[in-house]
Amino acid sequence: MRTVRITLVVVFLLALSPIAFADVVHLKDGGKIEGQVISDDGKTVVVKTRFGEVKVERSRVARVEKMKTPEQEYTDRVKALAPDDATGRWELALYCREHGLKKQEKALTAEVLALVPQHDGANEAVGNVKHDGRWMTPAKKQELEADADAAEKRAAAGIPESGPEE
């Protein structure tokens, strides 16, 4: 009876939060356990979840749905990318964002910017801003605006633009 209560608590917690594992164990009572099936000996199914391992009697299992984890999907998709495929990299970066693969998303975004420095989505993702039709860091934008303000003040005061007079 205690195993049933623990299983129900785990199932409830899993329903509330997304996890990185992709296998789904559908129970005969309508519940499900998401995680990575690490063993199924015909009597017991063992599922590794974010909260630890859960053992379920095989007689309570309706079916096991085996799927790729987000990490496995990322690995497969990144291998298929052509070296100059900025669009594919950006789409995969968005996939990584949706699935909590922050490190991979950051790396792919950097690769997109190396291929297409003015890529709108990748620049927004790294916090760059658009100024005069070009993407740049906020610090660079401030620098350019300060230079423009200084030039405007010099012009208003009648001070020549170029350096020392000859």
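The values are calculated or read from the model by the stated rules, or taken from the named source; none is laboratory data. The model shown is predicted, which means the values in this text are computed figures rather than measured ones. In this analysis, Cβ positions are derived from the backbone assuming ideal geometry, glycine residues included, and neighbour counts consider all displayed protein chains. We work out accessible area using only protein heavy atoms, side chains counted, and drop any ligands, DNA or RNA first. Shrake-Rupley method; radii C 1.70, N 1.55, O 1.52, S 1.80 Å.
Close Cβ contacts (under 6 Å, 6 or more residues apart or on different chains) running from residues in segment 39-55 that are exposed (fewer than 14 other Cβ atoms within 10 Å of the Cβ) and at pLDDT 95 or above to residues that are assigned to a strand (DSSP E or B) and among the hydroxyl-bearing types (Ser, Thr, Tyr) comprise LYS55/THR44. Annotation note: of GLU65, GLU98, the sole residue that is farther than 30 Å from ALA146 by Cα and open to solvent by less than 90 Å² (accessible area, probe 1.4 Å) is GLU65.
Quick check on ALA80: is it of a type in the set (Gly, Ala, Ser) and within 25 Å of GLU124 (Cα to Cα)? Answer is no for this residue.
Within segment 63-110, being assigned to a loop (DSSP other than H, G, I, E, B) and polar (S, T, N, Q) holds for one residue alone: THR69.
Within segment 127-161, restricting attention to residues that are part of a loop (DSSP other than H, G, I, E, B) and open to solvent by less than 80 Å² (accessible area, probe 1.4 Å), which residue is nearest to LEU94 (Cα to Cα)? Outline the logic, then answer.
Pass one, segment 127-161, residues part of a loop (DSSP other than H, G, I, E, B): 127-128, 132-133, 137, 157-161.
This time we only want the ones that are open to solvent by less than 80 Å² (accessible area, probe 1.4 Å), so: 127-128, 133, 137, 157-158, 160.
Values: GLY127: 15, ASN128: 17, GLY133: 24, THR137: 21, ALA157: 50, GLY158: 51, PRO160: 50 Å.
The residue in question is GLY127.
If I go through segment 23-38 residue by residue, how many of them are farther than 23 Å from GLU73 by Cβ and loosely packed, with under 14 Cβ neighbours inside 10 Å? Residues meeting the conditions: 3. Would you mind stating whether LYS103 is surrounded by 13 or more Cβ atoms within 10 Å (Cβ to Cβ), farther than 18 Å from PRO83 by Cα and not aliphatic (A, V, I, L, M)? It is false that LYS103 is surrounded by 13 or more Cβ atoms within 10 Å (Cβ to Cβ), farther than 18 Å from PRO83 by Cα and not aliphatic (A, V, I, L, M).
Among the residues that make up segment 136-155, is at least one of them touching a Pro at 6+ places or on another chain (Cβ under 9 Å) and of a type in the set (Lys, Arg)? There is at least one residue in segment 136-155 that is touching a Pro at 6+ places or on another chain (Cβ under 9 Å) and of a type in the set (Lys, Arg).
The C-beta contact set for segment 74-89 (first residue of a type in the set (Gly, Ala, Ser) and at pLDDT 95 or above, second residue assigned to a loop (DSSP other than H, G, I, E, B) and buried (at least 16 other Cβ atoms within 10 Å of the Cβ), distance under 6 angstrom, 6+ apart or interchain) comprises ALA86/VAL116; GLY88/LEU81.
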